[in-house]
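Have a look at the structure below before the remarks.
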Amino acid sequence: MITLKEQVKQIIHSQPITLRREIISQLHVSSKTLTHYLHQLVRDGEVVLYRGRGYFKDDSAYDNWHTDNRRRFGAKAGAALRSRTCKQSSGENAIFNECRQSGAMQRVLIVYGRASA
């Protein structure tokens, strides 16, 4: 009979990235029980945890996932960020100007004496 710890390890090793909620839904265990086994696996070096990302079978699996993820989403995210924070010809940030012209910001500026009523 395979132990719960081995089942958790198999799930992590079968996927490029594994999240806690995926393991819980597959094994139908409590979060506390899963945490116990995950801590053991990480401590023993059988799996790797990258906080905010998930569990990986080893560092090279994380590196591969990170490279693929950056390639897939990086260009789109970078282009969106550049378009949102693009500089106007006067050299000021477009988002700053839009925010400053909003009604809520105008009221704040009036309170602090930075705009006329």
Distance between modelled label sites at Met1 and His28, nm, 7 Å Cα→Cβ extension: 1.6 nm
Linear extension gain, Asp63 paired with His13, 0.36 nm per residue minus alpha-carbon span: 16.5 nm
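Provide the FRET efficiency to the nearest 0.05 for the Glu46-Asn93 pair, computing r from the beta carbons and using R0 = 41 Å. All intermediate terms of the calculation are to be shown ahead of the outcome.
Details: r = 48 Å, r/R0 = 1.17.
FRET efficiency, Glu46 to Asn93: 0.30.
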Karplus 3J(HN,Hα) series, Hz, for region 24-36 with 6.51 cos²θ - 1.76 cosθ + 1.60 (x for Gly, Pro): 4, 5, 7, 9, 6, 10, 6, 5, 5, 5, 4, 4, 4
Cross-link partners of Lys32 among aspartates and glutamates (Cα-Cα below 16 Å; sequence separation of 8 or more within a chain): Glu22
Karplus 3J(HN,Hα) series, Hz, for region 3-8 with 6.51 cos²θ - 1.76 cosθ + 1.60 (x for Gly, Pro): 7, 5, 4, 5, 5, 4
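Read-outs throughout are calculated quantities, based only on the coordinates presented, and are distinct from any laboratory measurement. Worth saying up front: this structure is predicted, and the values here are computed from it rather than measured. Ideal geometry is used to build each Cβ from the backbone, glycine not excepted, and the neighbour counts take in all protein chains shown.
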